[in-house]
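Here's the structure, in structure tokens; my notes come after.
The values are calculated or read from the model by the stated rules, or taken from the named source; none is laboratory data. These numbers were taken from a predicted model, which means no experiment stands behind them. FYI the Cβ positions are ideal-geometry reconstructions off the backbone, even for glycines, and counts take in every protein chain you see. The protein model used for the area step is the full one, side chains on, heavy atoms only, and it has no ligands, DNA or RNA in it. Shrake-Rupley method; radii C 1.70, N 1.55, O 1.52, S 1.80 Å.
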Amino acid sequence: MARHFTQAQRASLRALLGAAPGDGAEALAHRPPVPFRDVQRLLALPELPHVHLLGEDTWLLGGRLLRWLTHDTRPGGDYDLFCASFQALERTARHMLSTGYTPCRRHVATAWGPWLRDRIQGRDDHAPCKQAVPTEEAALQERLRLRRFPDGREMYALELHSPEGHLLQLVHIPALFTGSGDAVGQQLAFTDLSICQFLLDGRLLHAGPYAWADLLGQRIRVVHMVRPRITAERLLKYAGRGFWPDAQSVRTVFQAVRRG
């Protein structure tokens, strides 16, 4: 469940975002990025792991930042790092592999029967991750995966474990960066839900058009949808954490799922 902000925290955060007292939620829309250390101080937030990996072309994005902003300290979950180029992904991966991060070699059953059997038998999906890796180059080439979205766009992904046991995903989606323009904005716009449109570059906290308003209002809306069933599951997940979708988002997802 998301933690409610105090009135003092709300007022301080709105002031940091440039919204005057008495301004409505629309004043929080389309706000420029703010120093994430200021947000951390105002909301009394803990240190965020793996910030040293971030920079102008490698960003932490999505649900992990939402959990941080709402003091959600439950175990589990991963850290999604998105890169503006394949070169940034490769450079970041090599740095991680040389500083104690190890490749994830888990194997998860893709059919319901084997998946349920693995759960009943208590099999550890990450047991193969403990195997020795001969070289950084072999680890990088072996575990780098090319996936495709339903619309045909490619995504490169690499999963690694941190020395303290966190699971991190390094991702690059080439189609988002084929031309000029704001790379951060292009990456943010590809995120499906408003409250997950937070992005950290190591110094500034960027937000999508409705991210701050919906965070403070404990709402959620669909802003971009590529895989309707996954978005539907995520809407339910965040509703369980106290973020309720607006009626238009529910209709949009329901109709998309029905069309299959």
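Numbers at a glance
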{"quantity": "Per-pair calculated FRET efficiency, R0 = 30 Å: residue 7 and residue 52 via Cβ, rounded to 0.05", "calculated": "0.30"}
{"quantity": "Accessible solvent surface per residue of the range 188-260, calculated while the other protein chains remain in place, 1.4 angstrom probe, Å²", "calculated": "47 Å²"}
{"quantity": "Label corresponding to Kirkwood radius over Cα pairs in Å when calculated from the structure given, among (1) 22.9; (2) 23.8; (3) 19.8", "calculated": "(3)"}
{"quantity": "Distance-filtered residues of the range 51-87 - backbone nitrogen under 12 Å, label point 7 angstrom along residue 203 Cα→Cβ", "calculated": "55-57"}
{"quantity": "Exposed-site-free run, longest, the chain (rule: GluC sites (Glu not before Pro); DSSP loop; at most 15 other C-beta within 10 Å)", "calculated": "57-163"}
{"quantity": "Gain upon complete extension [residue 94, residue 106; 0.36 nm per residue less C-alpha separation]", "calculated": "2.3 nm"}
{"quantity": "Accessible-area composition of the chain, carbon plus sulfur, in percent [1.4 Å probe]", "calculated": "55 percent"}
{"quantity": "Point-to-point label distance, residue 73-residue 246, nm (Cα→Cβ direction, 7 Å offset)", "calculated": "3.4 nm"}
{"quantity": "Mean separation of Cα contacts under 8 Å, 6 or more apart, over the residue count of the chain: relative contact order %", "calculated": "23 percent"}
{"quantity": "5 angstrom amide H check on residue 17, placed H, neighbours 5+ away", "calculated": "none"}
{"quantity": "Potential lengthening between residue 237 and residue 225 on full extension [0.36 nm per residue; Cα-Cα distance subtracted]", "calculated": "2.7 nm"}
{"quantity": "Interchain or long-range residues, amide H under 5 Å from residue 220's placed H", "calculated": "244, 246"}
{"quantity": "HN-Hα J in Hz across the range 156-168 - Karplus 6.51, -1.76, 1.60, θ = phi - 60°, x for Gly and Pro", "calculated": "8, 9, 9, 9, 9, 9, 7, x, 8, x, 6, 9, 10"}
